[in-house]
Amino acid sequence: MKHGMLIPFILLFAFGLPSSAEEAAPKHNWHFSASLEYSTRSLDGTIVNKNALDNGAFGELIATGDSMNVGNSDGVMVAAAVQYKRFGLGLNSLPTSFEGQGSALVAGSGSNAGVFLVTPLDTRIAVNMLLANVYYNIVQTPKTVFGIGLGFGRTSIDLSIVPEIGDALTYDGKQPFGFLNLHFSSTYKRFLYGFALNGINGTFAGAAVDYSDYKLNLGYRAIDSRVKLDIMGGYRLVNFAIDIDNAGDRVSADVSLEGPFLGVSFTY
């Protein structure tokens, strides 16, 4: 995962933020927000399945985002948050599904032992990522917010990868994980910009998880009153790597979901 390139970007915003003394804090303590964003996402990366054979040996299937030929996933991202003073709780749902016919590499057997063969492949992937985040805004003015958070995620994964040669890879389960969060937003006149970063590397419920989530926001405030309406757009990249033991088989997936989004956000 390419985390190092983000460090200068984060520091640039963090040290350039105005202090909370520069502008008066909002007069009301409670804040509520919700957003609906339509997104199209592409799938990239590698999925490997090592299925158990006799005498401790493993057969192997290797498929990539390109070879599976699953196209793009279109869907709606939904987010909501409630905040009291500088503390808040946010929820975010990211459903994704792919389906298509492509190809994969499978380990040969018998006279083809040691050779990988190309085989046609039917793929169906459904992933629903639900994120909950408890955060604190270190900087909070009417125009600028910079905060940190600790979150909990649950990813529902339903895989059906069926090669013409070799064993199918099927998995249907839920994987919990935790993550850390940084977020920044600011306004210039009626124009908005900001980013949100989530990430963790650890072992949860017996599975090794490496998760990073980068979201860049740009927008325009169409209504600027007690209830605010923003037209939002941007780009989101989610990297998710997981190693799990699936009924004796070993499944390793290292995939990226990325694409632009456009939607609206309401804030009170």
Test residue 210 against the stated conditions and say whether it is within 22 Å of residue 174 (Cβ to Cβ), in contact with a Gly (Cβ under 7 Å, 6 or more places away or on another chain) and at pLDDT below 95.
-> no
So residue 123 fits all but one of (1) under 19 Å from residue 170 (Cβ atoms); (2) modelled with pLDDT of 95 or more; (3) of a type in the set (S, T, N, Q); what number is the exception?
-> (2)
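Condition check ((1) closer than 21 Å to residue 215 by Cβ; (2) modelled with pLDDT of 60 or more; (3) of a type in the set (Gly, Ala, Ser); (4) not in a strand (DSSP E or B)) across all residues:
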{"site": "20", "(1), (2), (3), (4)": "no, no, yes, yes"}
{"site": "26", "(1), (2), (3), (4)": "no, no, no, yes"}
{"site": "33", "(1), (2), (3), (4)": "yes, yes, yes, no"}
{"site": "41", "(1), (2), (3), (4)": "yes, yes, no, no"}
{"site": "77", "(1), (2), (3), (4)": "yes, yes, no, no"}
{"site": "88", "(1), (2), (3), (4)": "yes, yes, yes, no"}
{"site": "91", "(1), (2), (3), (4)": "yes, yes, no, no"}
{"site": "98", "(1), (2), (3), (4)": "yes, yes, no, no"}
{"site": "101", "(1), (2), (3), (4)": "no, yes, no, no"}
Which one of these is within 30 Å of residue 48 (Cβ to Cβ), touching a Lys or Arg at 6+ places or on another chain (Cβ under 7 Å) and in contact (Cβ under 8 Å) with a residue 40 or more places away in the chain: 123, 96?
-> 96
Mind checking which residues of segment 236-263 are assigned to a strand (DSSP E or B) and exposed (fewer than 15 other Cβ atoms within 10 Å of the Cβ)?
-> 245, 260, 262
If you go through segment 217-234 one residue at a time, do you hit one that is within 26 Å of residue 156 (Cβ to Cβ), of a type in the set (Lys, Arg) and surrounded by 14 or more Cβ atoms within 10 Å (Cβ to Cβ)?
-> no
Lone qualifier among 204, 261 - being within 19 Å of residue 94 (Cβ to Cβ) and at pLDDT below 85 | 204
Among (1) at pLDDT below 95; (2) part of a strand (DSSP E or B); (3) not small (Gly, Ala, Ser), the one test that residue 226 misses = (2)
Within segment 194-206, the count of residues that are surrounded by 17 or more Cβ atoms within 10 Å (Cβ to Cβ), hydrophobic (A, V, I, L, M, F, W, C) and more than 12 Å from residue 179 (Cα to Cα) comes to 2
Can you tell me which residues in segment 231-250 are touching a Phe, Trp or Tyr at 6+ places or on another chain (Cβ under 6 Å) and modelled with pLDDT under 90?
-> 240, 246
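What number of residues within segment 215-268 are more than 23 Å from residue 174 (Cα to Cα) and either in contact with a strand residue (DSSP E or B) (Cβ under 8 Å, 6 or more places away or on another chain) or aromatic (Phe, Trp, Tyr) (or both)?
Residues in segment 215-268 being more than 23 Å from residue 174 (Cα to Cα) and either in contact with a strand residue (DSSP E or B) (Cβ under 8 Å, 6 or more places away or on another chain) or aromatic (Phe, Trp, Tyr) (or both): 28 in total.
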Give me the pairs, please: first residue somewhere in segment 161-173 and without any contact (Cβ under 8 Å) to a residue 60 or more places away in the chain, second residue anywhere and assigned to a loop (DSSP other than H, G, I, E, B) and not charged (D, E, K, R), beta-carbon distance under 7 Å, and either six or more positions apart or on two chains.
-> 162/168
Of the residues that make up segment 83-92, is at least one closer than 18 Å to residue 258 by Cα, free of Cβ contacts under 8 Å to residues at least 60 places away in the same chain and in contact with a Pro (Cβ under 7 Å, 6 or more places away or on another chain)?
-> no
Kindly indicate whether any position in segment 173-184 is within 24 Å of residue 72 (Cβ to Cβ) and more than 14 Å from the chain's Cα centre (by Cα).
-> no
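The values are calculated or read from the model by the stated rules, or taken from the named source; none is laboratory data. Predicted model, so just to flag it, every value in this text is computed and none were measured. Using ideal geometry, Cβ is built from the backbone for each residue, glycine included, and neighbour counts are taken over all protein chains shown.
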